[in-house]
Amino acid sequence: MNKNIRDIVKERYGNIAKSVGKTKTNSCCGGSCGCGTHNVFGEANYSLKEMRTLPKEAVEAALGCANPHKLAQLKLGEVVLDLGSGGGIDVLMASKLVGEDGKVFGLDMTDEMLELANRNKLKMDVKNVEFIKGYIEAIPLKDNLVDVVMSNCVINLSSNKEKAFEEAYRVLKENGRLAIADIVRLKDVPEDILREETLWSSCVVGALEINDYKRKLEKAGFKNVQIEVVHTYSKEVIDELMQDSKENQELAILNKYKEEFFDIIDNSFGSAYIRASK
């Protein structure tokens with residue numbers, strides 16, 4: 001990944017992890033998506049029954065754009081890898097579904113998120129979970145190890161998605177499953193906006209065009225690729241996502257484009273369920 005983009009993402013997610021328990025994050029990809037208003041981000045994707053069994057810090061750190069468990073259909077005894085596991089909400093949910101004979105790895109590059117996830121693991125007192133530090137473009141696990149690779153609103157943050165897909169394919173067992181929730185681009189967006197590196201950590205400009213997403217997965221070796229868009233984001237949602245963050249660099253970019261920015265990206269992005277198999 002471009003070092004500058006990776007550093008931007010690390011810093012922002014590290015700050016989110018440190019804020020959990022102090023201020024309610026309730027957010028997607030960077031700290032502010034207006035979840036309470038639009039009900040499409042973070043914990044809004046999980047049922048009350050699912051959340052009641054989890055530490056509140058895991059729920060507060062829910063940063064995803066959908067619920068990958070609806071795709072994964074996890075079974076007892078399976079080995080699972082969650083790419084970009086954050087505070088651990090999807091890993092901890094998976095730990096109950098695969099049972100004592102199963103195993104769940106959570107991979108994250110951010111020290112603060114790993115610390116938060118491990119605290120949540122202790123609160124849950126689960127034995128079949130391991131949080132590991134690393135990058136989704138260089139997964140520190142052996143070949144053909146896991147039955148399912150999950151991810152929730154993380155692939156879009158990588159500037160080397162081809163490598164991330166290749167790595168996911170490598171660690172999957174034969175006939176293993178890919179179950180991803182991610183942001184996809186639905187319309188053409190001007191290149192100058194897509195080159196704004198500061199906006200990567202808000203899950204917008206790094207999103208792949210939906211057909212390109214499918215092509216890249218197939219190039220990595222995946223078969224039976226299906227992409228289902230479950231939410232589209234209006235300019236009002238994106239405005240709330242950007243403005244609430246109070247990030248000086250981000251606000252400067254918005255001021256540069258002004259209203260044109262929001263008109264351009266109106267319904268240009270959405271969250272999607274991505275299914276594939278090895």
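The values are calculated or read from the model by the stated rules, or taken from the named source; none is laboratory data. Computed from a predicted structure; not experimentally measured. No Cβ is skipped: glycine too gets one built from the backbone with ideal geometry, and neighbour counts run over all protein chains shown.
Does residue 227 satisfy the condition of being modelled with pLDDT under 95 and either β-branched (Val, Ile, Thr) or closer than 29 Å to residue 91 by Cβ (or both)?
No; evaluated as a whole, the condition is false for this residue.
(1) at pLDDT 95 or above; (2) touching a helix residue (DSSP H, G or I) at 6+ places or on another chain (Cβ under 8 Å): which one isn't true of residue 121, the others all being true?
Checking residue 121 against (1) at pLDDT 95 or above; (2) touching a helix residue (DSSP H, G or I) at 6+ places or on another chain (Cβ under 8 Å), the one that fails is (1).
Every residue in the stretch 230-252 that is at pLDDT below 75 and surrounded by fewer than 17 Cβ atoms within 10 Å (Cβ to Cβ), please.
243, 244, 246, 248, 249, 251, 252
Under 7 Å by Cβ, and 6 or more places apart or on different chains, what pairs join a residue from the stretch 189-208 that is modelled with pLDDT under 70 and acidic (Asp, Glu) with one that is part of a loop (DSSP other than H, G, I, E, B) and buried (at least 24 other Cβ atoms within 10 Å of the Cβ)?
Cβ pairs passing all conditions: none.
Between a residue in the stretch 225-236 that is within 12 Å of residue 66 (Cβ to Cβ) and any residue that is at pLDDT below 85 and of a type in the set (A, V, I, L, M), which pairs come within a Cβ distance under 9 Å, given they are 6 or more apart or on different chains?
So the pair list comes out as 230/40; 230/66; 231/40; 231/66; 231/237.
Answer with yes or no whether residue 131 is surrounded by 16 or more Cβ atoms within 10 Å (Cβ to Cβ), over 17 Å from residue 217 (Cα atoms), of a type in the set (Phe, Trp, Tyr) and modelled with pLDDT of 95 or more.
Here the answer is yes, as residue 131 does meet what is asked.
Which residue is farthest from residue 167 (Cα to Cα), if the candidates are limited to the stretch 82-114 and must be in contact with a helix residue (DSSP H, G or I) (Cβ under 8 Å, 6 or more places away or on another chain), charged (D, E, K, R) and surrounded by fewer than 24 Cβ atoms within 10 Å (Cβ to Cβ)?
Only one residue tops the list, namely 112.
For a quick check of your reading: which helices (runs of 4 or more DSSP H) sit entirely within the stretch 61-179 and have at least 2 residues that are closer than 22 Å to residue 228 by Cβ?
Where helices (runs of 4 or more DSSP H) fall fully within the stretch 61-179 and carry at least 2 residues being closer than 22 Å to residue 228 by Cβ, they are 69-72, 89-98, 161-171.
When the stretch 159-179 is examined, which residues are found to be surrounded by 24 or more Cβ atoms within 10 Å (Cβ to Cβ) and within 20 Å of residue 268 (Cβ to Cβ)?
none
For residues in the stretch 258-278 being at pLDDT 90 or above and assigned to a strand (DSSP E or B), which is surrounded by the most Cβ atoms within 10 Å (Cβ to Cβ)?
Result: 276.
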